[in-house]
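The values are calculated or read from the model by the stated rules, or taken from the named source; none is laboratory data. Because the structure is a prediction, the values reported are computed rather than measured. With ideal geometry, Cβ positions are generated from the backbone for all residues, glycine too; neighbour counts draw on all protein chains shown. Surface areas here come from the heavy atoms of the whole protein model, side chains and all, with no ligands, DNA or RNA. Shrake-Rupley method; radii C 1.70, N 1.55, O 1.52, S 1.80 Å.
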Amino acid sequence: MASKLQPWDVKRFLELFTADPEFREEAIKRPNQIISCHGIKMLPSEIQDLWQESENRLFDRRTNASITYTSWCTKRRQKAHHWLQKLDTEIPSSFHHWRNRQANRYAAQAADGFARRKRLLPFAIELSEGCSIGCQYCGLSAPKLKSVARYDSNNNGTTFNAITASLKNYVGEAGATGFLYWATDPFDNPDYEKYIQEFNKEFGIPPQTTTAAWRKNLNRTRDFLKLRETMGGTWDRFSINSLEDLHIIMKEFSPLQLKDIDLVLQNPESLKIKSCAGRAKDLATRTQLGSIACVSGFLINLTQKSIKLISPCIDFEKWPQGYAIYAETNFQDSSKQIEEFFEHCESKIFNESLDAEKILSVRGEIDISQSKGQLNLTTQYAKIIVEDEIEKAVISSINGKSTVSEIVSDVCKKTKVNPGLVLHAANMLYEKGIFEKLPDPPLLQYA
Ligand code: SF4
């Protein structure tokens, strides 16, 4: 069969393969029999290297269709990488260092931590309070929908624009990676489309959208897709909570119409593994140790007029929703209080380098051992090797009681190295996130 497959046809095949066990079984049993359903017509064997279980997957024979598909995926990802690189290089230095330390901490704590190290986003703005969907797997345990911030009510539009302007001013262009939902569904707000157009005006691209409410009003969803075609940005995501959802979306929308919509295959039959945060911890399905919180930065709610500084974590005893709150405050309509909150975070929390009076201790889950003249700092998911002699001496001097300045003077005495170099070594370890402890609830109230 000559391959005329389009990448979005392959995308649809893989979505069906992942989420629908009957489809999967048919493809595996009869790879050389044409499958014709849901707008695709293809031989599973044409892209066998993309779906078959194989230990030699990387070395399997590549077909033209699978090569075209993977290069299409790479081009899509490159768009996102452009913005993620800005996030890594162009945000304020102290915010960058704090985010880096939290990302390094989380990378050593969670199954997906390393993969998400460079993909933690700088802010999310919620446009409602609660969520109408009530997914059983909700990693943020979203409560029921209580209220919605309509654009033209209560000065919300003006406040929203002031918030995004402040975020652009503080975070810079990389603020384009922010988005407008959290423990909320964007489509719960009838004015969501208005908000993304305003965001687009501020940042030059629309925010990424993830909704599980695409099915509530299919005409609205069609109009949303048309609107998104007029804007740039990356792909959006529709959540699939049941096999029925999967079959409805594929009946209503062609593979081409959904080429820029990733389906988040959350139905119980799906092969996708969920993180064990929030309500997902009670699921009978396979989960992995991790949080779904993808922001290390600011969480803003427009209905409650609140702003928090948050970062993902796996200490579900203290922080059941999988993210820790470092500070929070409320604001009125002006951006002044938001900017003051950024200043508070800069001066009191982000701390680009170690404070001389800080009592140093290494995170509890890190096991320290020695081998071949090096120190191994090991967790369930990471191993940091420390070979530098001064860094090793700093770690050996940490006793959970001494301050940074006491440790520096202790190491200076023992090694005869100058204090500047010892402090530099301590700061190198600080950057690796090994001293990052989570705040304790109740909240560290600001102001
Ligand atoms: S997962 Fe999303 S859509 Fe589902 S309840 Fe949570 S916030 Fe709502």
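Residues that are under 20 Å from S242 (Cβ atoms), at least 1 per element: which helices (runs of 4 or more DSSP H) completely within segment 1-53 meet that? Walk me through how you get there before you give the answer.
Numbers: elements: 7-19, 21-29, 48-51.
Ranges flagged: 7-19, 21-29.
Please determine, by comparing only the residues of segment 237-267 that are touching a residue at least 60 places away in the same chain (Cβ under 8 Å) and touching a Lys or Arg at 6+ places or on another chain (Cβ under 6 Å), which one is farthest from G39 (Cα to Cα).
L265
Considering R117, R76, R105, which residue is among the basic types (K, R), outside any helix (DSSP H, G or I) and more than 16 Å from the ligand (Cβ to nearest atom)? Explain how you work it out, then say what you get.
Working: R76 fails: outside any helix (DSSP H, G or I); R105 fails: outside any helix (DSSP H, G or I).
After ruling out the rest, the residue left standing is R117.
Consider only pairs whose beta carbons are under 8 Å apart and that are at least six residues apart or on different chains; among these, list those whose first residue lies in segment 210-228 and is in the same structural domain as A293 (by TED's automatic domain parsing) and whose second residue is hydrophobic (A, V, I, L, M, F, W, C) and open to solvent by 40 Å² or more (accessible area, probe 1.4 Å).
A212/I133; A213/I133; R215/I248
Take the residues in segment 124-180 that are among the acidic types (D, E) and more than 30 Å from S94 (Cβ to Cβ), then tell me which one is most open to solvent (accessible area, probe 1.4 Å).
Within segment 124-180, the subset among the acidic types (D, E) is 126, 129, 152, 173.
Subsequent filtering for residues that are more than 30 Å from S94 (Cβ to Cβ) retains 129, 152.
Details: E129: 41, D152: 143 Å².
Applying the filter and picking the extreme gives D152.
Within segment 120-137, how many residues turn out to be more than 22 Å from I273 (Cα to Cα) and away from the ligand (no atom under 16 Å from the Cβ)?
Within segment 120-137, the subset more than 22 Å from I273 (Cα to Cα) is 122-132.
Still in the list and also away from the ligand (no atom under 16 Å from the Cβ): 122-123.
Count: 2.
Consider only pairs whose beta carbons are under 7 Å apart and that are at least six residues apart or on different chains; among these, list those whose first residue lies in segment 268-283 and is touching a residue at least 24 places away in the same chain (Cβ under 8 Å) and whose second residue is among the basic types (K, R) and within 12 Å of the ligand (Cβ to nearest atom).
Final answer for the pair search is A280/K274; L283/K274.
Of everything in segment 309-328, what is touching a Phe, Trp or Tyr at 6+ places or on another chain (Cβ under 7 Å) and free of Cβ contacts under 8 Å to residues at least 40 places away in the same chain? Give them in sequence order.
Scanning segment 309-328 gives a single hit, I310.
Give segment 146-194 a look and list any residue that's away from the ligand (no atom under 16 Å from the Cβ), in a helix (DSSP H, G or I) and over 21 Å from S335 (Cα atoms), or say none.
Correct list: E193 only.
Filter segment 206-225 for residues that are under 29 Å from Q321 (Cα atoms) and more than 16 Å from the ligand (Cβ to nearest atom) and give the result.
Within segment 206-225, P206 is the sole residue that qualifies.
Restricting attention to segment 382-408, which residues are in contact (Cβ under 8 Å) with a residue 40 or more places away in the chain, assigned to a strand (DSSP E or B) and within 30 Å of A115 (Cα to Cα)?
Answer for segment 382-408, where residues must be in contact (Cβ under 8 Å) with a residue 40 or more places away in the chain, assigned to a strand (DSSP E or B) and within 30 Å of A115 (Cα to Cα): I384, V386.
Residues that are open to solvent by less than 60 Å² (accessible area, probe 1.4 Å): find the strands (runs of 3 or more DSSP E) completely inside segment 296-381 holding 3 or more of those. So that I can check it myself, show each step before the final result.
Working: elements: 306-312, 323-330, 367-371, 374-378.
Where strands (runs of 3 or more DSSP E) fall fully within segment 296-381 and carry at least 3 residues being open to solvent by less than 60 Å² (accessible area, probe 1.4 Å), they are 306-312, 323-330, 374-378.
I need the full set of residues from segment 406-430 which are among the hydrophobic types (A, V, I, L, M, F, W, C) and open to solvent by 40 Å² or more (accessible area, probe 1.4 Å), in order please. Break it down into steps so the answer makes sense when it comes.
Step one: filter segment 406-430 for residues among the hydrophobic types (A, V, I, L, M, F, W, C), giving 407-408, 411-412, 417, 421-423, 425-426, 428-429.
Scanning segment 406-430 gives L421, L423, M428.
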